[in-house]
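Have a look at the structure below before the remarks.
The values are calculated or read from the model by the stated rules, or taken from the named source; none is laboratory data. Everything numeric in this text was worked out from a predicted model, so none of it was measured. When we count neighbours, we look across all protein chains shown, and the Cβ atoms used for this are built from the backbone with ideal geometry, even at glycine. We work out accessible area using only protein heavy atoms, side chains counted, and drop any ligands, DNA or RNA first. Shrake-Rupley method; radii C 1.70, N 1.55, O 1.52, S 1.80 Å.
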Amino acid sequence: MNKCTIVLGSQWGDEGKGKVIDYLTEKADAVVRYQGGHNAGHTLVIDGETTALSLIPSGILREDVECFIANGVVISIPVLLKEIKMLEDKSVAVRDRLRVSAACPIILPSHIALDQAREKALGKAAIGTTGRGIGPAYEDKIARRGLRLIDLTRPEHFKTRVTKLIEYHNFMLGKFYKVDAVSLETTMAETQDLADQILPLLCDVTQRLHELREAGKTILFEAAQGTLLDIDHGTYPFVTSSNTIAGAVTAGSGVGPCYIDAVVGVTKAYTTRVGGGPMPTQLDDAVGKHLAEKGKEFGTVTGRPRRCGWFDVAAMRRSVQVNSLTALCITKLDILDGLDEIKMCIGYELNGKRLEVPPIDSEQYEHCKPIYESVPGWKDITYGITQWDDLPAAAQHYLEVIAKHLKTPITLLSTGPERQQMVEL
Ligand code: GDP
Ligand code: IMO
Ligand code: MG
């Protein structure tokens with residue numbers, strides 16, 4: 001495996017990044033989360049046992065692997081502690097394996113209140129956020145008024161700054177959104193009062209990553225969300241508040257672009273999206289129902305139903321471009337088993353013109369009509385297959401067509417949720 005590999009979502013999230021990271025970690029020395037927060041939900045299934053992670057890297061179940069939450073991740077301290085406890089209850093030695101950057105911004109209860117108040121105020125135009133305070137926490141980081149984990153080491157300074165920030169948040173909550181204020185007491189209970197449990201995990205993650213890199217160790221960078229939810233390159237404003245593309249690794253972990261050797265785009269064999277915003281290939285018919293039911297397309301942490309549709313080559317072209325994808329990992333191939341015909345969107349039609357990639361404007365994207373190419377489906381079962389030669393010819397053909405359209409090789413293929421249900425190509 002390459003020394004420094006980014007594994008990211010190339011669609012609208014939930015592509016199966018958690019499973020892929022867990023699989024690849026067998027050959028890795030370290031796994032790093034570098035953006036997003038607990039809006040993520042990454043699922044690992046090992047010998048029938050499911051583990052859902054939202055903040056801790058998906059390499060955590062492997063012994064002797066160092067896991068890092070780098071500076072680009074926004075942290076809810078109670079959520080992180082809960083996740084640590086959940087893993088400790090499964091006898092995972094989390095505190096030995098996990099280190100967290102002292103520079104991570106802290107999500108406060110008032111960020112959550114603001115996120116939810118804004119969504120409510122947007123009414124029908126709501127983004128469909130996870131309501132976890134992610135956007136407001138990133139806003140405060142950029143506005144240079146946020147608190148970081150390192151601030152917990154100076155309680156007086158923390159209290160002064162947090163008091164000012166809460167005052168500002170409560171002004172917006174009360175005067176603008178006309179909802180309840182958040183108390184300083186609650187805020188302290190969810191931050192400074194928990195400091196003793198968090199401080200031992202803090203370190204200079206960037207420095208440690210460079211030590212590992214210089215020692216020739218193998219590092220995996222685990223993204224959250226997906227490329228089309230990127231704040232700059234996604235379907236704005238129906239996006240998350242961080243950069244989700246490969247370039248985010250450099251800012252979010254302090255490992256520069258020339259140290260990256262490979263970028264793997266994890267991609268479902270079809271498309272899903274949760275929350276609002278354009279999705280040209282969405283299906284509200286029997287096939288959409290097949291994908292949703294067979295694919296169990298409900299949010300890992302939120303339980304929300306995901307919108308489902310055909311594979312979107314045009315959207316993926318953007319993903320190949322902005323991430324410099326060196327390889328694709330196609331997941332959930334097994335969900336397509338049993339379909340007579342499989343379609344993929346190879347471009348869009350907008351006002352009589354053909355587009356090869358999504359338009360910048362989401363409003364225009366809403367009006368794009370997919371141009372479909374059709375390939376034969378297969379009746380055989382691909383679930384659990386681990387060898388390329390065992391796949392039905394029609395499934396091989398479908399994958400070859402995708403790789404050809406995207407001019408990117410498929411190097412991994414997932415045929416089930418379990419760790420070992422994987423084909424290496
Ligand atoms: P992530 O956010 O990208 O890590 O993806 P999620 O964990 O939110 O959603 C992916 C879901 O699909 C999880 O329930 C996985 O267990 C499941 N999954 C992953 N790969 C496969 C696969 O190849 N086949 C099937 N049937 N399920 C899969
Ligand atoms: P993983 O890592 C799918 C979506 C939300 C919403 C938008 C903004 O599991 O793939 P936010 O709470 O981030 O401000 O919400 O982004 N979203 C995700 N969709 N998978 C995710 O993470 C997501 N994280 C956020 O549904 O549309
Ligand atoms: Mg998910």
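Structural remarks
- Residue count for the range 16-31, restricted to those that are more than 19 Å from Glu49 (Cα to Cα) and either in contact with a Cys (Cβ under 8 Å, 6 or more places away or on another chain) or open to solvent by 30 Å² or more (accessible area, probe 1.4 Å) (or both): 4.
- For the range 253-274, a residue qualifies if it is surrounded by 24 or more Cβ atoms within 10 Å (Cβ to Cβ) and of a type in the set (Gly, Ala, Ser), and the qualifying residues are Ser253, Gly265, Ala269.
- Answer residue from the range 1-15, given it is open to solvent by 10 Å² or more (accessible area, probe 1.4 Å) and away from ligand 3 (no atom under 16 Å from the Cβ) and is farthest from Thr331 (Cα to Cα) among those: Lys3
- Segments classed as helices (runs of 4 or more DSSP H), wholly inside the range 110-221, with at least 1 members that are in contact with a Phe, Trp or Tyr (Cβ under 7 Å, 6 or more places away or on another chain) and open to solvent by 10 Å² or more (accessible area, probe 1.4 Å): 205-214
- Contact map, the range 321-345: residues that are free of Cβ contacts under 8 Å to residues at least 24 places away in the same chain and under 13 Å from Ser414 (Cα atoms) paired with residues that are part of a loop (DSSP other than H, G, I, E, B) and open to solvent by 50 Å² or more (accessible area, probe 1.4 Å), Cβ distance under 7 Å, separation 6+ or inter-chain. No pairs are found.
- The sole residue among Val73, Val100, Val79 that is open to solvent by less than 10 Å² (accessible area, probe 1.4 Å), within 16 Å of ligand 2 (Cβ to nearest atom) and β-branched (Val, Ile, Thr) is Val73.
- Residue within the range 331-344 that is within 16 Å of ligand 2 (Cβ to nearest atom) and either closer than 15 Å to Thr271 by Cα or assigned to a loop (DSSP other than H, G, I, E, B) (or both) present: yes
- A single member of Gln396, Gln420 is in the same structural domain as Glu341 (by TED's automatic domain parsing), part of a helix (DSSP H, G or I) and either within 16 Å of ligand 3 (Cβ to nearest atom) or in contact with a helix residue (DSSP H, G or I) (Cβ under 9 Å, 6 or more places away or on another chain) (or both), and it is Gln396.
- The set of residues in the range 238-267 being within 16 Å of ligand 2 (Cβ to nearest atom) and part of a helix (DSSP H, G or I) consists of Ala248, Val249, Gly252.
- The range 73-90: number of residues that are in a loop (DSSP other than H, G, I, E, B) and either closer than 25 Å to Asp151 by Cβ or free of Cβ contacts under 8 Å to residues at least 24 places away in the same chain (or both): 4
- Residue within the range 59-72 that is within 15 Å of ligand 3 (Cβ to nearest atom) and either in a loop (DSSP other than H, G, I, E, B) or within 15 Å of Met422 (Cβ to Cβ) (or both) present: no
- Some residue of the range 277-298 being assigned by TED's automatic domain parsing to the domain that holds Leu399 and part of a strand (DSSP E or B): yes
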